[in-house]
Amino acid sequence: MELDIKPLSDSNEIEIHVTFRLPRGGDLEGSTSFLQIEAALAQKLNEIGSDTTKHLLGDHDSKGESLQCAEGQVWTSKGRAKRIIETAYGPVLVFCHVYQTSAGGVTRVPLAERARLVGSATPRMARMVAAKLAQMNCSAVARDMEESHLRPMSPSFAQDLGQAVAALATVRCDLPEWRPLSQCSEVATVSVGLDGAHLNTRRDGWRQGMAGTIALYDAKGERLETLYVGGGPGETPPAGKTTFLSRLDELTLRVRECYPQAQVVGLSDGAVDLQKYLASHTDDYLLDFHHAAEHLSRAALAFAPDGRADAPEALAWAAEQRRVLRDVSGGAWQVLALLRERLRPNGKGAKNRSEGKAGSKRAALSKAARAAVLSVETYFSNHISHMDYAGWQQRQLPIGSGVTEAACKTLIKQRLCQSGMRWSIAASDALITLRALYLTPTLWDHFWTQNDKPSPACL
């Protein structure tokens with residue numbers, strides 16, 4: 001293959017002339033299959049990409065002159081050193097200047113800083129591998145790179161590169177310059193939710209990772225867009241959760257700035273710590289309807305003649321009370337009154353069509369049934385001020401935390417809880433961060449745009 005790369009004098013561009021041969025195939029004797037022709041072409045294109053990238057990397061190196069950084073330090077070249085750069089087309093060998101101050105110590109490589117390398121990888125290579133790693137395991141990433149791009153690499157390199165990208169994401173994703181896709185006039189409601197999901201760690205067994213969502217809704221209650229925030233277990237439980245909440249705070253604040261007219265509401269399953277967080281960070285808070293309905297179903301056995309939870313009477317009672325809870329104004333109070341009435345010794349049923357005749361006596365509750373009803377009654381009493389489902393529906397607000405529940409699966413379970421997976425704390429923290437970023441396309445693009453900007457501290 002002959003490759004000629006020439007800089008153009010009248011523009012900041014290069015001109016590439018390349019000549020190479022490929023088999024023709026077709027009906028000729030001894031012809032090559034088209035699959036082999038495609039593979040040969042892809043290999044040649046990789047060679048062109050590698051050689052061209054190597055040439056362009058050279059343009060980003062210094063010429064060996066002394067350099068002064070923003071802090072005023074003077075850095076002097078110690079000469080050129082050999083370095084292998086991993087590109088999207090294959091590894092390339094370059095010789096680049098290495099700098100150090102007169103005091104010695106840390107060395108710096110202008111080429112790496114100016115080209116925005118991530119570790120030993122070019123930005124495009126880092127983005128490709130990180131995107132794949134957010135979706136599949138390291139071995140699958142390595143196989144996909146070789147199968148799809150004829151670009152061999154080791155699984156360990158994919159993991160190391162993914163962790164490097166995740167580390168950069170915590171410092172280079174500058175939110176004040178980012179905004180979601182939805183237009184300001186479209187968004188009427190912002191719903192914030194958070195929940196935990198467990199993953200298996202090598203050191204501590206099952207630990208909790210965190211998933212957060214910020215869902216944007218229009219005035220009709222239709223979801224427009226979902227933003228994801230993730231956090232790993234951390235070295236200690238408080239550290240992991242604290243880092244996650246800090247990220248969620250930052251993203252929520254930025255969303256408020258983008259949509260100042262929108263009402264910010266919170267939805268959760270009622271866990272005390274989650275409820276406390278949402279109550280202090282949103283305009284209004286609601287207990288997830290489906291969790292409330294699930295608790296309600298546990299009391300159904302107390303309203304069946306034979307005390308069985310799967311009896312037709314119990315199922316009918318549960319269905320009716322779910323309807324009342326969801327659709328009737330003050331429905332939670334009606335259900336709570338019914339539960340309290342049933343707890344009275346030899347109590348009479350309230351006036352409710354699922355009860356039969358008003359005033360008819362029911363059999364005394366068994367110990368198990370009483371415990372079930374008392375548990376549900378306590379649950380409703382504790383959350384009654386956050387169960388106005390009919391009112392929220394009238395205002396076109398969401399009443400279910402399904403978006404957040406799904407995020408636990410999408411963000412953590414699908415990727416980190418596959419068969420046989422056990423994680424180091426560092427790897428799980430990095431991957432959850434990476435996956436949350438990838439699942440939010442505007443944040444993913446914004447991060448790479450930010451990373452592509454030269455830092456004022458570059459040599």
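The values are calculated or read from the model by the stated rules, or taken from the named source; none is laboratory data. Keep in mind it's a predicted model, so treat the numbers as computed, not measured. Here the Cβ positions follow ideal geometry from the backbone for every residue, glycine too, while neighbour counts run over all protein chains shown.
Listed conditions (1) touching a residue at least 24 places away in the same chain (Cβ under 8 Å); (2) of a type in the set (Phe, Trp, Tyr); (3) closer than 30 Å to Phe289 by Cβ are all met by Trp206, apart from (1).
When the residues of the range 277-289 are filtered to those that are in contact with a helix residue (DSSP H, G or I) (Cβ under 6 Å, 6 or more places away or on another chain) and not hydroxyl-bearing (Ser, Thr, Tyr), the one that is surrounded by the fewest Cβ atoms within 10 Å (Cβ to Cβ) is Phe289. Residues that are of a type in the set (Ser, Thr, Tyr) and either within 9 Å of the chain's Cα centre (by Cα) or outside any helix (DSSP H, G or I) (or both) within the range 401-447 comprise Ser401, Thr410, Ser419, Ser424, Thr433, Tyr438, Thr440, listed in sequence order.
Considering the range 8-56, the residues that are free of Cβ contacts under 8 Å to residues at least 12 places away in the same chain, surrounded by 11 or more Cβ atoms within 10 Å (Cβ to Cβ) and not aromatic (Phe, Trp, Tyr) include one that is nearest to Ala115 (Cα to Cα), namely Glu38. Take Ser375 and decide whether it is modelled with pLDDT of 90 or more and either buried (at least 17 other Cβ atoms within 10 Å of the Cβ) or under 39 Å from the mean Cα position of the chain (by Cα) (or both). In short, yes.
Table: residues versus (1) at pLDDT below 95; (2) part of a loop (DSSP other than H, G, I, E, B); (3) in contact with a helix residue (DSSP H, G or I) (Cβ under 6 Å, 6 or more places away or on another chain).
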| site | (1), (2), (3) |
| --- | --- |
| Leu199 | no, no, yes |
| Met210 | no, no, yes |
| Ala215 | no, no, yes |
| Lys220 | no, yes, no |
| Thr243 | yes, no, no |
| Leu253 | no, no, no |
| Arg256 | no, no, no |
| Pro260 | no, yes, no |
| Val264 | no, no, no |
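Look through the range 116-142, keep the residues that are of a type in the set (Gly, Ala, Ser) and either over 22 Å from Leu437 (Cβ atoms) or surrounded by fewer than 20 Cβ atoms within 10 Å (Cβ to Cβ) (or both), and return whichever of them is nearest to the chain's Cα centre (by Cα). The extreme case among them is Ala131.
Please determine, by comparing only the residues of the range 48-82 that are under 38 Å from the mean Cα position of the chain (by Cα) and more than 26 Å from Glu15 (Cα to Cα), which one is modelled with the lowest pLDDT.
Among them, the one singled out is Ala70.
Identify the residue in the range 170-197 that is aliphatic (A, V, I, L, M), surrounded by 21 or more Cβ atoms within 10 Å (Cβ to Cβ) and within 17 Å of the chain's Cα centre (by Cα) and, among all such residues, is farthest from Tyr217 (Cα to Cα). Walk me through it before giving the result.
First pass over the range 170-197, keeping only residues aliphatic (A, V, I, L, M): 171, 175, 181, 187-188, 190, 192, 194, 197.
This time we only want the ones that are surrounded by 21 or more Cβ atoms within 10 Å (Cβ to Cβ), so: 187, 190, 192, 194.
With the extra rule that they be within 17 Å of the chain's Cα centre (by Cα), the set shrinks to 192, 194.
Details: Val192: 11, Leu194: 17 Å.
Top of the filtered list is Leu194.
From the set of residues in the range 116-156 that are more than 25 Å from Trp423 (Cα to Cα) and hydroxyl-bearing (Ser, Thr, Tyr), which is modelled with the lowest pLDDT? Among them, the one singled out is Ser148. Here Leu301 meets the list (1) crowded, with 18+ Cβ neighbours inside 10 Å; (2) farther than 19 Å from Ala406 by Cβ; (3) outside the structural domain of Asp388 (by TED's automatic domain parsing); (4) not aromatic (Phe, Trp, Tyr) almost entirely, failing just condition (3). Considering Ala292, Ala337, which residue is surrounded by fewer than 18 Cβ atoms within 10 Å (Cβ to Cβ) and part of a helix (DSSP H, G or I)? Going through Ala292, Ala337 in turn, the sole match is Ala337. Considering only the range 74-81, I want to know if a residue exists there that is buried (at least 16 other Cβ atoms within 10 Å of the Cβ) and outside any helix (DSSP H, G or I). Yes, some residue in the range 74-81 is buried (at least 16 other Cβ atoms within 10 Å of the Cβ) and outside any helix (DSSP H, G or I).
Checked against (1) farther than 30 Å from Glu65 by Cβ; (2) outside the structural domain of Leu431 (by TED's automatic domain parsing), Val109 meets all criteria but (1).
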